[in-house]
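Trainee: What follows is a single structure, and I will ask about it in a moment.
The values are calculated or read from the model by the stated rules, or taken from the named source; none is laboratory data. As the structure is a prediction and not an experimental result, all values here were calculated from the model. When we count neighbours, we look across all protein chains shown, and the Cβ atoms used for this are built from the backbone with ideal geometry, even at glycine. Keep in mind that these areas ignore ligands, DNA and RNA; they rest on the heavy atoms of the full protein, side chains included. Shrake-Rupley method; radii C 1.70, N 1.55, O 1.52, S 1.80 Å.
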Amino acid sequence: MAEIKTYSEQVTEYIKRSILEGSLNPGDKVNEVHVAATLSISRAPVREALQMLTRDGLIVSVPQKGKFINCLTKKQIRESYFTGGVLEGAAVAASIDDFTDKDFDTLQAIVDRMEVVASMETAADYMPALDDRFHEMLFSKTDNTLLVELSRRYCHGLSKFLLFRYWRNLFSPRTVWLRHKSILDALKTRDVVTIEKALREHYIESGQRMSTFGCEQDNPLCKICR
């Protein structure tokens, strides 16, 4: 039986889907009246959803201007990925002793699938899901929920979500495979320093590349900055 979503959950889903599809972009103003009319609901659940998205950092509330889709600066993107990499590296290093041979077989199977997908013309359609599965597996032994939540926010959430259209083409499919193979090789050493360094550098490189799509500080064309 399908789960029945509340109105505020429907609004949240609608806004996130609009960002992924490109009908809402970083810096765009979110019109409460338009959203309510589109979903045939009152404005109350729209305001509730926008408040939650503001807490998550996806929406920015500007006094006397309204609410906007967040627009990350180049510096914020680099800092976000660096922080996420440090946190994920710490989480995996702290739990590496709990990884079994079966866990490594699962990770190897994901990386092997990446290698196969990398040679396909439709690789860009399949690689993101494999990437998510790989990193979900890395977190699977961590029971520190706060660490997982913060790490996902910084490198699997906000910046990746807002810039999804660019993220899909950030690296070639073959490079995605090789980057994850490198992480797995580091994990197999079970050396915490090697593991933390591999994950930190993985995200630093992602942040540097992704930052080229960030907005400039006080950009006069940005609706939030104006």
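Trainee: Nearest 10 degrees, 0 to 90: what angle lies between the long axis of helix 7-21 and the longest principal axis of the chain (Cα atoms)?
Mentor: 70 degrees
Trainee: Probe radius 1.4 Å, ligands and nucleic acids ignored: give me the carbon and sulfur share of the accessible area of the chain as a rounded percent.
Mentor: Details: 6370 of 12440 Å².
After summing per-atom areas, the C and S share lands at 51 percent.
Trainee: In the chain, if the dipole is taken from +1 on Lys/Arg beta carbons and -1 on Asp/Glu beta carbons about the Cα centre, which of Asn31, Val176, Ile59 is farthest to the positive end?
Mentor: The Cα lying farthest towards the positive end belongs to Asn31.
Trainee: In terms of the Cα gyration tensor, with a ≥ b ≥ c the square roots of its eigenvalues, is the chain rounded because a/c is under 1.5, prolate because a/b exceeds b/c, or oblate? Walk me through the numbers on the way to the answer.
Mentor: Numbers: a/c = 1.93, a/b = 1.73, b/c = 1.11.
Taking the square roots of the gyration eigenvalues as a ≥ b ≥ c, the chain is prolate.
Trainee: Another one. Sequence gap at least 6, Cα distance under 8 Å: using those rules, report the relative contact order of the range 1-128 to the nearest whole percent.
Mentor: Details: 73 pairs, mean separation 24.7, N = 128.
The normalised contact order for the range 1-128 reaches 19 percent.
Trainee: Once the Cα atoms of helix 43-56 and of the chain are each reduced to a long axis, what angle between those two axes, in degrees from 0 to 90 to the nearest 10, is obtained?
Mentor: 40 degrees
Trainee: Ordered by packing density, taken as the mean number of other Cβ atoms within 10 Å over each peptide's residues, highest first, how do 166-174, 89-97 rank? Could you put the intermediate results ahead of the total?
Mentor: Working: 166-174: 14.9, 89-97: 19.3.
Descending packing order for the listed peptides: 89-97, 166-174.
Trainee: Okay, next question. If you count only protein heavy atoms with a 1.4 Å probe, what accessible area per residue comes out for the chain, rounded to a whole Å²? Display every interim value, and only then the final one.
Mentor: Values: 12440 Å² over 226 residues.
Per-residue accessible area for the chain comes out at 55 Å².
Trainee: While we're here: Sorted by packing (mean other beta-carbon atoms within 10 Å per residue), highest first, where do 178-186, 14-22 land?
Mentor: On the way: 178-186: 17.2, 14-22: 14.8.
Going by the mean number of other Cβ atoms within 10 Å, highest first, we get 178-186, 14-22.
Trainee: Not counting ligands, DNA or RNA, and with a 1.4 Å probe, what is Asp28's accessible surface area in Å² rounded to the nearest 10?
Mentor: Surface open to solvent at Asp28 totals about 30 Å².
Trainee: Any idea of Phe68's accessible area? Nearest 10 Å², probe 1.4 Å.
Mentor: So the heavy atoms of Phe68 present about 10 Å² to solvent.
Trainee: Based on DSSP H runs of at least 4 residues, each adding -39500 (n - 2.57), what is the mean residue ellipticity at 222 nm of the chain after dividing by all its residues, to the nearest 500 deg cm²/dmol? Please report the intermediate quantities before stating the final value.
Mentor: On the way: 11 runs with 146 residues, N = 226.
Helix-only estimate at 222 nm: -20500 deg cm²/dmol.
Trainee: Classify the range 170-221 from the C-alpha gyration tensor, please: rounded if a/c falls under 1.5, else prolate or oblate depending on whether a/b exceeds b/c. Walk me through the numbers on the way to the answer.
Mentor: Numbers: a/c = 7.58, a/b = 2.11, b/c = 3.59.
Oblate, since a/c reaches 1.5 and b/c is not below a/b.
Trainee: Could you work out the relative contact order of the chain, using alpha carbon pairs under 8 angstrom and six or more residues apart, expressed as a whole percent?
Mentor: Working: 260 pairs, mean separation 67.0, N = 226.
Taking the mean separation of contacting Cα pairs over the length of the chain, I get 30 percent.
Trainee: Can I ask one more? Would you please classify the overall shape of the range 58-156 from the alpha carbon gyration tensor, given that a ≥ b ≥ c denote the square roots of the eigenvalues, rounded means a/c under 1.5, and beyond that prolate means a/b larger than b/c while oblate covers the rest? Numbers along the way, then the final one.
Mentor: Working: a/c = 2.95, a/b = 1.48, b/c = 2.00.
Taking the square roots of the gyration eigenvalues as a ≥ b ≥ c, the range 58-156 is oblate.
Trainee: Continuing with this model, one more query. Taking the Cα centre of the range 88-135 as the origin, how large is its charge dipole in debye, to the nearest 20, when only Lys and Arg (+1) and Asp and Glu (-1) carry charge on their Cβ atoms? Numbers along the way, then the final one.
Mentor: Values: 3 positive and 12 negative charges, 13 e Å.
In total the dipole reaches around 60 debye.
Trainee: Against the longest principal axis of the chain, how steep is helix 123-139, in degrees 0 to 90 to the nearest 10, with axes from Cα atoms?
Mentor: 70 degrees
Trainee: Whole angstrom only: what separates the Cα centroid of the range 32-89 from the Cα centroid of the range 132-155?
Mentor: Cα centroid to Cα centroid, the span is 21 Å.
Trainee: Once you charge only the Cβ atoms, +1 for Lys and Arg and -1 for Asp and Glu, what is the size of the charge dipole of the chain about its Cα centre, to the nearest 20 debye?
Mentor: Working: 31 positive and 31 negative charges, 209 e Å.
The calculated dipole for the chain is roughly 1000 debye.
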